[in-house]
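S.K.: Got a structure for you, written out below as structure tokens; questions coming shortly.
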Amino acid sequence: MSAPVAIYVFLLVIATLSLANHGLGPPETTFHGIGRKVKTEVFWLSGKVTVPKFLPPGSNVASVWPGLQKDGVGIMEGVTEKLRSLLQGRNPKTNKEPMWLIGGDYYKGKTFSQGTFMVDGNSVDPGQMVPFDLRYIREFHDWVVTVGSSDGNSVSFTYSPSQTFDYILFAVGLQIGASWDFGPVIFTDITIAAYDKDTLWCTQAWDQFGLTTKPGVVGAKPKVYSDHTECHIDSVTLYS
């Protein structure tokens, strides 16, 4: 068994044994962020996200996420498929503590094709840098989404989209009753890989959606390999 296949099988077993399926309620209704389309296919997206401040008491759910989607113009507008790594913020009206949870999900159209998986007890704290990795495993035609956890370990989710992805997103999603009052959202140490020799998708200005303040995209540098291009970005900052 090759090393990539062995790693994939290990992640799949761990995900199957240790994950609990939790409903997240209604999906987000408004989206704010940036996007970039490539000519061919994205097969890897990784980086870190800094956990924002807790939501105010009684706020509805807010999500912070890097993700990939197929087609569409904008976030969830005419989109056929979308894969995400999630930070989900909650602060219910009950006496429960506010929290940010980690997870992943896969949409087909505007509904879940495969549910969101959250790990019991895997909350993260404001200021913590949480690594994320969305990686296509070509041998199995699956995507493995890996997200860091509060104890320094990571959890993985496996999805089997029916199409490839050609659009990269960094976004904030808000459910009805939630507002973006938890400060800027910062992604760092980002790597994006695509089967595309054109480097303009890495260095040109990104599409913007639902933002009133210009986002910060710092240090974008492409590196061309024999069969793909990698885009390394120092940081992406989204402002409310």
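S.K.: Could you tell me which residue of region 112-123 is nearest to Ile102 (Cα to Cα), considering only residues that are surrounded by 15 or more Cβ atoms within 10 Å (Cβ to Cβ) and either of a type in the set (Gly, Ala, Ser) or modelled with pLDDT of 85 or more (or both)? Even if it seems obvious, please write down each step before you answer.
M.R.: First, the residues of region 112-123 that are surrounded by 15 or more Cβ atoms within 10 Å (Cβ to Cβ): 113-114, 116-119, 122-123.
Subsequent filtering for residues that are either of a type in the set (Gly, Ala, Ser) or modelled with pLDDT of 85 or more (or both) retains 113, 123.
Values: Ser113: 19, Ser123: 7 Å.
The extreme case among them is Ser123.
S.K.: State whether one or more residues within region 185-193 are over 17 Å from Trp65 (Cα atoms) and either among the charged types (D, E, K, R) or modelled with pLDDT of 95 or more (or both).
M.R.: Within region 185-193 (the criterion being over 17 Å from Trp65 (Cα atoms) and either among the charged types (D, E, K, R) or modelled with pLDDT of 95 or more (or both)), the answer is yes, since at least one residue qualifies.
S.K.: If you check Asp196 against the conditions, is it buried (at least 19 other Cβ atoms within 10 Å of the Cβ), farther than 18 Å from Leu86 by Cβ and modelled with pLDDT under 95?
M.R.: Here the answer is yes, as Asp196 does meet what is asked.
S.K.: Pick from region 193-222 the residues that are closer than 16 Å to Lys39 by Cα and part of a strand (DSSP E or B): which of them is nearest to the chain's Cα centre (by Cα)?
M.R.: Ala193
S.K.: Additional query: Kindly list, by first and then second residue, each pair from a residue in region 214-240 that is on the phi > 0 side of the Ramachandran plot to a residue that is at pLDDT 95 or above and of a type outside the set (Lys, Arg), limited to pairs with Cβ atoms under 9 Å and residues at least 6 apart or on different chains.
M.R.: Taking only residues 6 or more apart or on different chains, the pairs are Gly219/His232; Gly219/Ile233; Gly219/Asp234; Gly219/Ser235.
S.K.: Among the numbered criteria (1) surrounded by 15 or more Cβ atoms within 10 Å (Cβ to Cβ); (2) more than 16 Å from the chain's Cα centre (by Cα); (3) under 21 Å from Asp105 (Cα atoms), which single criterion is violated by Ser162?
M.R.: Evaluating Ser162 over (1) surrounded by 15 or more Cβ atoms within 10 Å (Cβ to Cβ); (2) more than 16 Å from the chain's Cα centre (by Cα); (3) under 21 Å from Asp105 (Cα atoms) leaves (1) as the failure.
S.K.: Still on this structure: Condition test on Asp234, is it within 20 Å of Trp65 (Cβ to Cβ), in a loop (DSSP other than H, G, I, E, B) and among the acidic types (Asp, Glu)? Give the derivation first.
M.R.: Numbers: within 20 Å of Trp65 (Cβ to Cβ): yes; in a loop (DSSP other than H, G, I, E, B): no; among the acidic types (Asp, Glu): yes.
Answer is no for this residue.
S.K.: One residue is enough: does region 22-32 have a residue meeting the conditions closer than 18 Å to Val155 by Cβ, crowded, with 16+ Cβ neighbours inside 10 Å, within 14 Å of the chain's Cα centre (by Cα) and at pLDDT 65 or above?
M.R.: The first filter runs over region 22-32 and keeps only residues closer than 18 Å to Val155 by Cβ, leaving 22-24.
Keeping just the survivors that are crowded, with 16+ Cβ neighbours inside 10 Å gives 24.
Filter again for within 14 Å of the chain's Cα centre (by Cα), leaving none.
No: zero hits.
S.K.: Could you identify the single residue in Ser63, Ser46 that is assigned to a strand (DSSP E or B), modelled with pLDDT under 90 and among the hydroxyl-bearing types (Ser, Thr, Tyr)? Steps first, please.
M.R.: Working: Ser46 fails: modelled with pLDDT under 90.
Only one candidate qualifies: Ser63.
S.K.: How many residues does region 223-240 hold that are over 10 Å from Asp196 (Cβ atoms), more than 19 Å from the chain's Cα centre (by Cα) and either hydrophobic (A, V, I, L, M, F, W, C) or surrounded by 16 or more Cβ atoms within 10 Å (Cβ to Cβ) (or both)?
M.R.: Residues flagged as over 10 Å from Asp196 (Cβ atoms), more than 19 Å from the chain's Cα centre (by Cα) and either hydrophobic (A, V, I, L, M, F, W, C) or surrounded by 16 or more Cβ atoms within 10 Å (Cβ to Cβ) (or both) within region 223-240 amount to 0.
S.K.: Can we say Val130 is surrounded by 15 or more Cβ atoms within 10 Å (Cβ to Cβ), among the aliphatic types (A, V, I, L, M), closer than 25 Å to Cys231 by Cα and modelled with pLDDT under 90? Steps first, answer last, please.
M.R.: Details: surrounded by 15 or more Cβ atoms within 10 Å (Cβ to Cβ): yes; among the aliphatic types (A, V, I, L, M): yes; closer than 25 Å to Cys231 by Cα: yes; modelled with pLDDT under 90: no.
In short, no.
S.K.: Give just the number: which of (1) modelled with pLDDT of 95 or more; (2) in contact with a His (Cβ under 6 Å, 6 or more places away or on another chain); (3) of a type outside the set (A, V, I, L, M) does Gly210 not satisfy?
M.R.: The one condition Gly210 does not meet is (1).
The values are calculated or read from the model by the stated rules, or taken from the named source; none is laboratory data. The structure displayed is predicted, hence computed values, not measured ones. We place every Cβ from the backbone using ideal geometry, glycine too, and count neighbours over all the protein chains shown.
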